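To keep things clear, I will list the structure first and then write my remarks on it.
The values are calculated or read from the model by the stated rules, or taken from the named source; none is laboratory data. Note that the coordinates shown come from a computational prediction; the quantities given were computed from them, not determined experimentally. Note that we place each Cβ from the backbone using ideal geometry, even for glycine, and neighbour counts take in every protein chain shown.
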Amino acid sequence: MTVHIFNTPEVQDFLRLASGLDQSGGNPRTKKIVHRILSDLFKTIDDLEITADEYWAGVAYLNRLGASSEAGLLSPGLGFDRFLDMRMDADDVAAGVENGTPRTIEGPLYVSGAPVAEGYARLDDGSDKEGQTLIMHGTVRGTDGKPLPGAQVEVWHANTKGFYSHFDPTGEQKPFNMRRTIIADAEGRYKFQSIVPKGYGCPPNGPTQGLLNELGRHGNRPAHIHFFVTADGHRKLTTQINIDGDPLVFDDFAYATREGLVPPLVERTDAASIKAEGLSAPFAEIVFDISLSTLVNGVDNQIVERPRLAA
Ligand code: FE
């Protein structure tokens, strides 16, 4: 087919009709968005001469994507999550807002309601025997450099199989394993013991990996640890650190790696360091200080509300 009908009055009228723009009811914002997306897709079909077979393969793909609950995985894979962050960064630059620690994507695997600890927490339950012991700590500060006692550090990460508690297909992990909320101490410090996580990939036979295969892309993430950090008078920081030395550290299918988010991992093998942590074997140490940005005109102008699992 080589006809192009997108710009005809019939098609343009039809797009307005299908988007409800001739109806008084409904939601004007939804109508505006749907009209734009429908228009862009109709134009794509017209311009690229998308065949009916290709179109229906796409519809079947969306059904598979939803049935497997992978929309939240395809989203970072296609760069949408990173793009939203780029827009927030640009918005901050335009508004002259100073950011400390860089933001990066949340991912789809946060669970609210993790146990709360003061100053220090043990994240893992000791059952993941493959994991190297990790001690991670740092200070939460405001943009003025002053520590923020009482700051809330929510942390979550995968085990050495690359699975998260509450989303572990093996069923091996107890609820909230490797998930905690740590309240920073009087000097703004947080600290935890856990295991060094491993990276993970998209389910190999799922629709996300299927599309990535078509794009000639891999679907793997370097090992990383997620954080939400909040404090009175400051904007919530959503970020991750990558495990230094992971071969994919700057080749993340979800585009979450950023300068400033790959703190050094130091192997501590000397007896004094091991004893000081109350451990009996060498461990890995990561120091990561966190700098929050202040509220803008008294509000968190970039808070993101999205459906999240609560347990
Ligand atoms: Fe993750």
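Points worth noting:
Residue-wise test of (1) of a type in the set (A, V, I, L, M, F, W, C); (2) in contact (Cβ under 8 Å) with a residue 40 or more places away in the chain; (3) out of contact with any Cys (no Cβ under 8 Å at 6 or more places or on another chain).
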site: Gly142; (1), (2), (3): no, yes, yes
site: Pro147; (1), (2), (3): no, yes, yes
site: Val153; (1), (2), (3): yes, yes, yes
site: Thr160; (1), (2), (3): no, no, yes
site: Tyr164; (1), (2), (3): no, yes, yes
site: Gly171; (1), (2), (3): no, no, yes
site: Lys174; (1), (2), (3): no, yes, yes
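- Within region 166-179, the set of residues being within 12 Å of the ligand (Cβ to nearest atom) and surrounded by 15 or more Cβ atoms within 10 Å (Cβ to Cβ) comprises Met178, Arg179.
- Those residues of region 270-310 which are touching a residue at least 12 places away in the same chain (Cβ under 8 Å) and surrounded by fewer than 11 Cβ atoms within 10 Å (Cβ to Cβ), in sequence order: Ala281, Ile303, Arg306, Ala310
- Hits in region 85-106 - residues which are assigned to a helix (DSSP H, G or I) and surrounded by 15 or more Cβ atoms within 10 Å (Cβ to Cβ): Asp85, Met88, Asp89, Asp92
- From the list His234, His224, the one residue that fits, being in the same structural domain as Lys161 (by TED's automatic domain parsing), more than 16 Å from the ligand (Cβ to nearest atom) and either over 30 Å from Ala57 (Cβ atoms) or crowded, with 22+ Cβ neighbours inside 10 Å (or both), is His234.
- Residue check for Gly20: over 30 Å from Pro207 (Cα atoms) and loosely packed, with under 11 Cβ neighbours inside 10 Å: no
- Applying the criterion of being hydroxyl-bearing (Ser, Thr, Tyr) and assigned to a helix (DSSP H, G or I) to the residues of region 23-48, the residue that is surrounded by the most Cβ atoms within 10 Å (Cβ to Cβ) is Ser39.
- Boolean, Asp125 is under 20 Å from Val287 (Cβ atoms) and part of a loop (DSSP other than H, G, I, E, B): no
- In region 49-81, residue farthest from the chain's Cα centre (by Cα) [restricted to those that are polar (S, T, N, Q) and not in a helix (DSSP H, G or I)]: Thr51
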